1. Multiply the residue gap between GLU69 and CYS99 by 0.36 nm, knock off their C-alpha separation, and tell me the result in nm, one decimal place.
2. Hey, in the GNM for the chain with a 10 angstrom Cα cutoff, which one of SER184, SER72, SER123 fluctuates hardest?
3. If I model a spin label as a point 7 Å beyond the Cα along the Cα-Cβ vector, how far apart are those points for GLU142 and ARG76 in nm?
4. Lys and Arg at +1, Asp and Glu at -1: add these up for the other residues within a Cβ distance under 12 Å of CYS179 and post the number.
5. Quick one: 3J(HN,Hα) in Hz for region 172-188, Karplus 6.51/-1.76/1.60 with θ = phi - 60°, rounded, Gly and Pro as x.
6. Treating only the Cβ of Lys, Arg, Asp and Glu as charged (+1, +1, -1, -1), what charge dipole size does region 3-217 show about its Cα centre? Round to the nearest 20 debye.
7. Please report the orientation-averaged projected area of region 3-217, defined via the convex hull of its C-alpha atoms, in nm².
8. Which trypsin sites (Lys or Arg not before Pro) from region 79-138 combine a DSSP loop assignment with at most 11 other Cβ atoms within 10 Å?
Amino acid sequence: MSQQATRTAATVRLRITEIFASVQGESSRVGLPTVFVRLTGCPLRCTWCDTAYAFTGGHTRALDDILAEVASHGLRHVCVTGGEPLAQKGCLALLEALCDAGHEVSLETSGALDIAGVDRRVSRIMDLKAPGSGEVDKNRYENLAELTAHDELKIVLANTGDYDWAREHIARHRLDQRCNVLLSPVAGELDPAELAEWIVRDRLPVRFQLQLHKVLWNDARGR
Ligand code: SF4
């Protein structure tokens, strides 16, 4: 570690809700054993949010302490999630340090904050919020131009109106030509089989996904 990196690890602090090992439940990394670092806080309030427990609380921890706990799990893949991780100033330093430590790093982000400063080694899994989330006005459309084949775009759908919205946005912004596009149903609101049928019917250039951790553990915290 360089002297600068050592100084950063000693001075950067982040508010952390939890760090745990599980299998990745979403994205093209689904099923891979992964360490999750969940940062506390989010400026959005999606109607279907399943991690509201991360809005507040948590513990403030030094970057080197976080890195040590991640390393203790002995896994290559690390997912930085939230909440909205980018809402914390130290998140960029955390991502860079995890990459420097040799991890394959992904970042789950709402799409409401600027992603341009994220280390290029990180795979950004960015949401585009559909109207059913109640947060469609928070989409930062400038982010779309930042996405590369190393990133993924996720749209969570609550109803048929969200599906039509997503289909129109995928075509208008040629999203499938930028990166993998993932469509997920909101659990308990949109029938997954129905969404799968719509995607096939319309020959949408996307990947259907169910959240694996919900199938396995019914979304229990820390799994
Ligand atoms: S952006 Fe994510 S953490 Fe924030 S309210 Fe929406 S779903 Fe929840």
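1. Between GLU69 and CYS99, full extension yields an extra 9.3 nm.
2. Its mean-square fluctuation being the largest, the pick is SER72.
3. Output for this residue pair reads 3.6 nm.
4. My count for the surroundings of CYS179 gives +1.
5. 5, 9, 6, 5, 5, 8, 8, 6, 4, 10, 10, 10, 10, x, 5, 4, x
6. Around 360 debye, computed over region 3-217.
7. Convex hull of Cα atoms, orientation-averaged projection: 11.3 nm².
8. Those satisfying the criteria are LYS89, ARG120.
The numbers here are math on the coordinates, done by the rules we state, and not lab data. Because the structure is predicted, anything quoted here is derived from the model rather than measured. Positions of Cβ are generated from backbone atoms using ideal geometry, with glycine treated the same way; all protein chains shown enter the neighbour counts.
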